[in-house]
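Engineer: I have a structure I would like to understand better, so I am pasting it below and will then ask my questions one at a time.
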Amino acid sequence: MALHDQSLELADPLLDDDGRLRRTGTLGTCVAHIITGVIGSGVLSLAWSVAQLGWIGGPVALLCFAIITYFSASKLADCYRYPDSVNGKRNYSYMDAVRVNLGYKRMLLCGFLQYLSMFVTGVAYVITVSTCMRALLKANCYHREGHQASCKSSDAFYMLIFGAVQIVMSQIPDFQNMEWLSWVATIMSFCYSTVGLGLGLAKVIGKGKFEGGITGVRMSGPAKKTWTVFEALGDVAFAYPYTLILLEIQDTLKSPPPENKTMKKGSLLAIIVTTFFYFACGCFGYAALGDSTPGNLLTGFGFYEPFWLIDFANVCIIMHLVGGYQIYSQPIFATFELWFARKFPNSGFISTFYTMKSPIIPSFRISLFRLFFRTSYVASTVGIALAFPYFNSILGVLGAINFWPLAIYFPFEMYILQRKITAWSREWVALRTLSLICLIVSLLGFVGSFVSIISAKFNL
């Protein structure tokens, strides 16, 4: 009788093979989640990055990072299940995959780097949104009073506004409830990327020539040029990888077809789309503005008119990053809340949930612990953004932290072990060589961005 009941339970059409509610994610939702996570504040810095790297280095860097990102993502997608990539046991998060493949110690290292990177991404999004809010007021001010007007305002107030919005948005229970938010964010990313492309293209056509040079922006000395090039590499490294959230996205996909196949297709489509916009915004932005290309294409006022279109683009950025912030925050919320629930199973503060109803939004369940923890998390990202409001440098540091260890090292190591690739075989040597090259790039990006932060903070 027990066996019969068990077989009925396993055959329950509402449950997946792991006993959880059946997943409903599709190729479309997969692409939407990826684009929401990838096309964020990074796209706005790419024109500046291309300007520092020049007409050869800039496009080559964009293309190389796109190829490496897809290659790495495809390897990581095969690690969602273990030991077999199609029929093995599911790994619900990046840390789960590292634990079963590489062991507990490297899982702890991965978790530290992963959550640090997600946290700094939240800081970067706070900075970006505040500059966009300030740009809305400045664009209208310049339109009324002329391009030479001071139109000064502080970012701090806008950071606090964004923080307040995120405290509310952070009460969304989990990834499964965020499909609508990802679709909205994806549409917004297409809108502002298209505006950036259109403004750059229109200015190039109006001038009748491409600005810029082979070696990029000229600097006062070789040392400053070197640090700036390294920082630009860090910014490009930030713009592409999404391994931080890849397995969490894959865990939303229905099967059949196998989740790794859907994830690889989604990754390819998303990277093709993002690479197109990255090339378009980065290259046309540099072609239009040359050596005066700002760190943030749509808020640094390389473009002044039409002011209403710039306002629209900045509103789209704000709406997108409201969703993007949640994409990178929800995995942290889930992990820490699960840990506390297991550590203190009898705590009413943690385990007691209250149903919240509203005529505006669907009802949802909330606990006092969730409210306290998620509010504290948002407040900490805003606090650090207030202390270090340096857009390009923060992106460079984040890109360096994220790129080699999380987008290259762990996926490659898990793939080698899972596929039992022999040491010193051709594939083993190729993977190790690529990993070493990416490590060097990450170190250079980190050093350049860190030097820039120190210089800006202490006016060196």
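The values are calculated or read from the model by the stated rules, or taken from the named source; none is laboratory data. In this text, all values refer to a predicted model and were calculated from it rather than measured experimentally. Methodologically, a virtual Cβ is constructed for each residue, glycine included, from the backbone with ideal geometry; neighbour enumeration extends over all protein chains shown. Quick note on the areas: whole protein, heavy atoms, side chains included, nothing else; ligands and nucleic acids left out. Shrake-Rupley method; radii C 1.70, N 1.55, O 1.52, S 1.80 Å.
Engineer: Just to be sure I understand the model, the point goes 7 Å from the Cα along the line to the Cβ. What's the resulting K207 to Q171 distance in nm?
Structural biologist: Placing both labels 7 Å along Cα→Cβ, they lie 4.9 nm apart.
Engineer: What accessible area per residue, rounded to a whole number of Å², is obtained for the chain using a probe radius of 1.4 Å?
Structural biologist: I get 44 Å² per residue for the chain.
Engineer: Which order do D84, D78 take by accessible area at a 1.4 Å probe, largest first?
Structural biologist: D84, D78
Engineer: Say R0 is 30 Å: what FRET efficiency, to the nearest 0.05, do S74 and S425 get from their beta-carbon distance? Write out the running numbers ahead of the final one.
Structural biologist: On the way: r = 19 Å, r/R0 = 0.63.
It comes to 0.95.
Engineer: Give me, ordered by chain and number, the residues 5 or more places off G25 or on other chains with an amide H under 5 Å from its own placed amide H.
Structural biologist: L253, K254
Engineer: Using R₀ = 56 Å, calculate the FRET efficiency as 1/(1 + (r/R₀)^6) where r is the Cβ-Cβ separation of K254 and I454; round to 0.05. Display every interim value, and only then the final one.
Structural biologist: Working: r = 48 Å, r/R0 = 0.86.
Calculated transfer efficiency: 0.70.
Engineer: Now, a different point. Cross-link list K224/K457; K207/K457; K203/K224; K138/K357: which exceed 27 angstrom alpha carbon to alpha carbon?
Structural biologist: Pairs exceeding the cut-off: K207/K457; K203/K224; K138/K357.
Engineer: What are the DSSP H helices in the chain that stretch 18 Å or more along their long axis, judged by alpha-carbon atoms, and whose average Kyte-Doolittle hydropathy comes to at least 1.0?
Structural biologist: Qualifying helices: 46-77, 156-169, 368-387, 426-457.
Engineer: Still on this structure, I have one more. Considering only C-alpha atoms, what is the centroid distance from the range 78-108 to the range 240-261, in Å?
Structural biologist: 13 Å
Engineer: Per-residue counts of other Cβ atoms within 10 Å, averaged by peptide: what ranking do you get for 248-260, 284-296, highest first?
Structural biologist: Per-residue Cβ counts within 10 Å, averaged per peptide and sorted highest first, yield 284-296, 248-260.
Engineer: If contacts are Cα pairs under 8 angstrom and at least 6 residues apart, what is the relative contact order of the chain in percent?
Structural biologist: Over the chain, the number comes to 32 percent.
Engineer: Could you give the nm distance between label points at W339 and S435, where each point is 7 Å from its Cα heading toward the beta carbon?
Structural biologist: Reported label-point gap for W339 and S435 is 2.5 nm.
Engineer: Okay, moving on. Can you pull the accessible area of Y104 for me, 1.4 Å probe, Å² to the nearest 10?
Structural biologist: Estimated to the nearest 10 Å², Y104 gives 140 Å².
Engineer: Keeping the other protein chains in place, figure out the carbon and sulfur percent of the accessible area of the range 210-342, with a 1.4 Å probe.
Structural biologist: 71 percent
Engineer: Another question, if that's okay. With every protein chain left in place, what is the accessible area of Y82 in Å² (1.4 Å probe, nearest 10)?
Structural biologist: Number for this one is 90 Å².
Engineer: Can you give me the distance in nm between label points at D17 and L160, each placed 7 Å from the Cα along the Cα-to-Cβ direction?
Structural biologist: About 5.3 nm, to one decimal.
Engineer: When the accessible area of the range 1-141 is split by element with a 1.4 Å probe, what percent falls to carbon and sulfur?
Structural biologist: Carbon plus sulfur share of accessible area: 67 percent.
Engineer: Can you pick out the pairs among K105/K264; K75/K105; K264/K420 whose Cα atoms lie more than 24 Å from each other?
Structural biologist: In this structure, K105/K264 exceed 24 Å between Cα atoms.
Engineer: Based solely on its DSSP helices, what 222 nm [θ] is calculated for the chain when runs of n ≥ 4 H residues each add -39,500 (n - 2.57) and the sum is averaged over all residues, nearest 500 deg cm²/dmol?
Structural biologist: That calculation yields -24000 deg cm²/dmol at 222 nm.
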